[in-house]
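What follows draws every value from the coordinates through simple rules; no lab data is involved. Bear in mind the structure is a predicted one, so any value in this text is a computation, not a measurement. With ideal geometry, Cβ positions are generated from the backbone for all residues, glycine too; neighbour counts draw on all protein chains shown.
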Amino acid sequence: MEKVVSGIRPTGNLHLGNYFGAVKSFVAMQDQYQCLFFIADWHSLTTHPKPENIQASARTILAEYLACGIDPTKAPIYIQSDVKETLELYLYFNMNIYLGELERVTTFKEKARQQPDNVNAGLLTYPTLMAADVLQHRAHKVPVGKDQEQNMEMMRKCARRFNNIYGVEFFPEPQNFYFGEKALKVPGLDGSGKMGKSTGNCIYLRDDDKTITKKVMKAVTDSGPTEPNSPKPEVIENLFTFLRIASTPDTYQYFDEQWNNCTLRYGDLKKQIAHDLVEIVAPIRAKIEEYSANTELLDKIAREGAEVARASASETLKAVREIIGFRK
Ligand code: ADP
């Protein structure tokens, strides 16, 4: 059975970008693939060098994963720092990837712009650590959002280069995978590119109904359609993206027709989006509260997940050492 691996950094609560871009696919994939999901606490040090309480933050994401529907009996969940094998593979990949290749990655350039006083080597080697996360399990598919496409390209480069240097067919070239549709970019509601923690434009899975509604109603729009059947400007396309991911196809069509015949009222559109998002988020929020209160269960799930992940990674690393020429 094909393997699936993906993770998210515990730098804040999960937002709708994480949910629709990644976690919803995690849940859909767990019945059909051999899945492992993790919480990327080492990766979070690239932007948050002195985390307040990294263990609590990891538990937060774990509770949110469970609330979204990941079932650890089907898809074990582990914390990245519990599997030290990752670091060894990270080191080998760093030996095979060139500085120029890492410097060209857009997410690196973006982060370097966002934190000019902390352009650390971890930020530069973010993709090789991500490659180690996935390839230590020799996974084939990685459910991530559209923003991760370049990191995925670097991951395939790590796999290819290792195979070429040592003349083996050992690592698969993992594919970015989005269950049911093509990779998704969840937009921000402030008219800016994507919903993201660093841009402060997120709707969180922990937001209450009122907060969600308020955020949606404040979404940036324009003065309205003037010509029938005209293309939608980006801010309006963004609202329709929400409609596409949160509402039914009929609802989408209804508002799309209103746009096309210039009768669309943005207030109505936003009310519909807020209503449909609340329907999705409210039950998840209730479960987050339930799981968050049960730290014993969370720790047990993470412990068991780490055992599975370590077993899988150590098997890979044994083979890798032998391929390079080290003692197994
Ligand atoms: P990290 O820094 O760990 O990548 P992010 O919150 O940026 O944390 O992303 C975690 C996951 O959520 C990734 O798979 C990413 O592709 C997805 N994701 C985040 N924001 C969005 C978004 N706006 N649209 C689609 N996917 C997203």
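DSSP beta bridges in the chain, what fraction antiparallel, as a percent rounded to 5? Numbers along the way, then the final one.
Numbers: 2 of 14 bridges.
About 15 percent, rounded to the nearest 5.
With bins 5 Å wide beginning at 0, the percent of Cα pairs of the stretch 257-314 falling in each bin runs 4, 14, 11, 11, 11, 9, 9, 8, 6, 6, 7, 2, 0. If you take all other residues with their beta carbon under 14 Å from the beta carbon of Val119, and give Lys and Arg +1 and Asp and Glu -1, the sum is 0. When each of the peptides 29-39, 208-218 is scored by the mean number of other C-beta atoms lying within 10 Å of its residues, the order from highest to lowest reads 29-39, 208-218. Along the chain, the longest continuous region that contains none of the GluC sites (Glu not before Pro) in a DSSP loop with at most 15 other C-beta atoms within 10 Å is 182-328. Ordered by the number of other Cβ atoms lying within 10 Å of each residue's own Cβ, fewest first, Thr86, Thr199, Thr11, Thr248 fall into the sequence Thr248, Thr199, Thr11, Thr86.
Kindly give the semi-axes, whole Å and largest first, of the ellipsoid equivalent to the stretch 156-241, taking each as the square root of 5 times a Cα gyration tensor eigenvalue. Let's see the in-between values first.
Details: eigenvalues 317, 71, 25 Å².
Equivalent ellipsoid of the stretch 156-241: 40, 19, 11 Å, largest first.
What percent do you get for the relative contact order of the stretch 144-287 when only Cα pairs under 8 Å and 6+ apart count? Before the final figure, lay out the partial values.
Values: 144 pairs, mean separation 32.1, N = 144.
The normalised contact order for the stretch 144-287 reaches 22 percent.
Among Tyr65, Tyr252, which comes first, second and so on when ranked by fewest other beta-carbon atoms within 10 Å?
Details: Tyr65 28, Tyr252 17.
Fewest-to-most Cβ neighbours within 10 Å comes out as Tyr252, Tyr65.
Once you sort the root eigenvalues of the Cα gyration tensor of the stretch 46-99 as a ≥ b ≥ c, which label holds: rounded (a/c under 1.5), prolate (a/b larger than b/c) or oblate (the other case)? Intermediate values should be presented prior to the final figure.
On the way: a/c = 2.75, a/b = 1.56, b/c = 1.76.
Oblate shape, in that a/c is at least 1.5 and b/c is the bigger or equal ratio.
Cα-based Rg of the stretch 43-158 per 2.2 N^0.38 Å, rounded to two decimals?
Ratio of Cα Rg to 2.2 N^0.38 Å: 1.12.
All Cα-Cα separations within the stretch 1-104 were binned at 5 Å from zero, giving a P(r) of 2, 11, 20, 20, 19, 15, 9, 3, 0, each value a whole percent of the pairs. Note that the stretch 185-226 carries a Kirkwood radius of 11.2 Å, evaluated over its alpha carbons pair by pair.
Treating the angle as unsigned and between 0 and 90°, give the value, to the nearest 10°, between the Cα long axis of helix 266-292 and the longest Cα principal axis of the chain. That helix lies at roughly 40 degrees to the long axis. Convex hull volume of the Cα atoms of the stretch 208-328, normalised per residue: 188 Å³. According to the Cα-based calculation, Rg over Rh for the stretch 117-190 is 1.05, with Rh computed by the Kirkwood formula.
Counting other Cβ atoms within 10 Å of each Cβ, which chymotrypsin sites (Phe, Trp or Tyr not before Pro) in the stretch 74-123 have at most 12 and sit in a DSSP loop?
Numbers: sites: Tyr78, Tyr90, Tyr92, Phe93, Tyr98, Phe108; in loops: Tyr98.
Passing sites in the stretch 74-123 are Tyr98.
With 27 Å as the cut-off, how large is the P(r) tail for the chain, expressed as percent of Cα-Cα pairs? Intermediate values should be presented prior to the final figure.
Numbers: 25420 of 53628 pairs.
Summing the P(r) of the chain above 27 Å gives 47 percent of all pairs.
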